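Undergrad: First, the structure itself, so that you have it in front of you.
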Amino acid sequence: MRFRGLDLNLLVAFEALLEERSVSRAAARMNLSQPAMSAALARLRSYFGDDILVPYGKRMHATAFAEGLLPQVRECLQGLESLVSTSPGFNPALSQRTFSIIASDYITAAVLVPLVTQLAIVAPRLRLDFLATTDQAAQQLDEGKVDLLITPDMYCAVGHPTELLFAEDHVVVGWKKNPLLRRKLSLTDFLAAGHVVVRLGNSRTVAFADRQLELLGYKRRVEITAGSFTLVPQLLCGTQRLSLMHKRLVGIMAKQFPIASLPLPVAFPPMPEMMQYHRARAADEGLAWLRSQIASAAEAGESI
């Protein structure tokens, strides 16, 4: 398809080239041969009258013009994607769409795993691509690379619609034979114990509950830092360490590991867990249907 002499497929190539800064990597990403991608770059250069990418040493760098054009190209592609994904109706029983979802391992275990069981019945041809939470999650949503982001409200992308999925409470958790869990836990004992905490992504982002304690000015003796929530029970068993965990995740993990929980010795607010999607996909009936299914799975999980 051409628009004012420009092959619109070249816009997809432009985005890949600017993000990869490499003809060979962009070609691999688009399942093209390297000569084909080189030809696409040549056509882009001819159309825009700019080098787009220039070699410098062993790397390629974008020109100032190309850097300025990239946000407009992304917005254009997102608009086109929204256009082609809009249909008179969405039939989950027949749809073969693939939905990509960024969520933590906690959300995957507590909500998405039960969802998969249900979708196998009502939408057997649907495909789901679960992606781990990273430092670039909000950016990936903003750039239209994923369909849905499920995250605490403080980590949402700016400027895109959000829906409250649920508000999660936290509890103190430890090995079932930990003597600290056999009585009411005082704040003094809680702070004095060794702790397992979770830090996410390459930047080791502090989890919601740990951040709340920091904001309240409480300091703990951190003995182990884990990169996922579902790893925590294994690090507690056989020790006197404690950790903060999502209440519904404890209900799931307690079926697999000998752990127990007590209420927090200090009060802080529930964690608002949000679903967020790109503003260009507000009219996407398929995505709206998927959000409703995720909300139903989350509501069913409240009884765990």
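Undergrad: Can you name the number of the only condition in (1) in contact with a Phe, Trp or Tyr (Cβ under 8 Å, 6 or more places away or on another chain); (2) in a strand (DSSP E or B); (3) aliphatic (A, V, I, L, M) that LEU213 fails?
TA: Every condition holds for LEU213 apart from (2).
Undergrad: List, please: which pairs have Cβ atoms under 7 Å, are six or more places apart or on different chains, and start with a residue in segment 217-229 that is aliphatic (A, V, I, L, M) and end with one that is assigned to a strand (DSSP E or B)?
TA: VAL222/HIS195; VAL222/VAL197; ILE224/VAL196; ALA226/VAL196; ALA226/VAL198
Undergrad: Of the residues ALA254, ALA260, only one is closer than 29 Å to LEU231 by Cβ and without any contact (Cβ under 8 Å) to a residue 60 or more places away in the chain; which? Steps first, answer last, please.
TA: On the way: ALA260 fails: without any contact (Cβ under 8 Å) to a residue 60 or more places away in the chain.
The match here is ALA254.
Undergrad: Checking the condition farther than 23 Å from ALA254 by Cα, of a type outside the set (Asp, Glu) and in the same structural domain as ARG281 (by TED's automatic domain parsing), which residue from PRO114, PRO124 passes? Let's see the steps before the verdict.
TA: Values: PRO114 fails: farther than 23 Å from ALA254 by Cα.
Result: PRO124 is the single residue among PRO114, PRO124 that is farther than 23 Å from ALA254 by Cα, of a type outside the set (Asp, Glu) and in the same structural domain as ARG281 (by TED's automatic domain parsing).
Undergrad: Quick one: ARG74 ticks every box in (1) buried (at least 17 other Cβ atoms within 10 Å of the Cβ); (2) of a type outside the set (S, T, N, Q); (3) modelled with pLDDT of 90 or more except a single one, so which number is it?
TA: (3)
Undergrad: What residue, among those in segment 214-234 that are surrounded by 12 or more Cβ atoms within 10 Å (Cβ to Cβ) and aliphatic (A, V, I, L, M), is farthest from the chain's Cα centre (by Cα)?
TA: Here the residue is VAL222.
Undergrad: Same structure again: Do any residues in segment 25-51 that are without any contact (Cβ under 8 Å) to a residue 24 or more places away in the chain have Cβ atoms under 6 Å from those of residues that are surrounded by fewer than 15 Cβ atoms within 10 Å (Cβ to Cβ) and not basic (Lys, Arg), where the two are at least six apart or on different chains, and which pairs are they?
TA: ALA27/GLN34; GLN34/SER24; ASP50/PHE65
Undergrad: Continuing with the same structure: I'm trying to understand the selection: among the residues of segment 42-71, which are surrounded by 13 or more Cβ atoms within 10 Å (Cβ to Cβ) and part of a loop (DSSP other than H, G, I, E, B)?
TA: The answer is ASP50, ASP51, ILE52, THR63.
Undergrad: Hand me the list of strands (runs of 3 or more DSSP E) wholly inside segment 223-300 holding 2 or more residues that are farther than 23 Å from GLY201 by Cβ.
TA: Details: elements: 242-246, 259-262, 271-276.
Qualifying strands (runs of 3 or more DSSP E): 259-262.
Undergrad: Would you confirm, using the coordinates I've provided, whether ASP169 is surrounded by 13 or more Cβ atoms within 10 Å (Cβ to Cβ), in contact (Cβ under 8 Å) with a residue 60 or more places away in the chain and over 17 Å from the mean Cα position of the chain (by Cα)? Please lay out each step first, then the result.
TA: Working: surrounded by 13 or more Cβ atoms within 10 Å (Cβ to Cβ): yes; in contact (Cβ under 8 Å) with a residue 60 or more places away in the chain: yes; over 17 Å from the mean Cα position of the chain (by Cα): yes.
Yes; evaluated as a whole, the condition is true for this residue.
Undergrad: Just checking, does segment 147-159 include any residue being crowded, with 19+ Cβ neighbours inside 10 Å, touching a His at 6+ places or on another chain (Cβ under 6 Å) and of a type in the set (Asp, Glu)?
TA: no
The values are calculated or read from the model by the stated rules, or taken from the named source; none is laboratory data. None of the values given here were measured: they were computed from a predicted structure. Because the Cβ atoms are built from the backbone with ideal geometry, glycine has one as well, and the counts that use them run over all protein chains shown.
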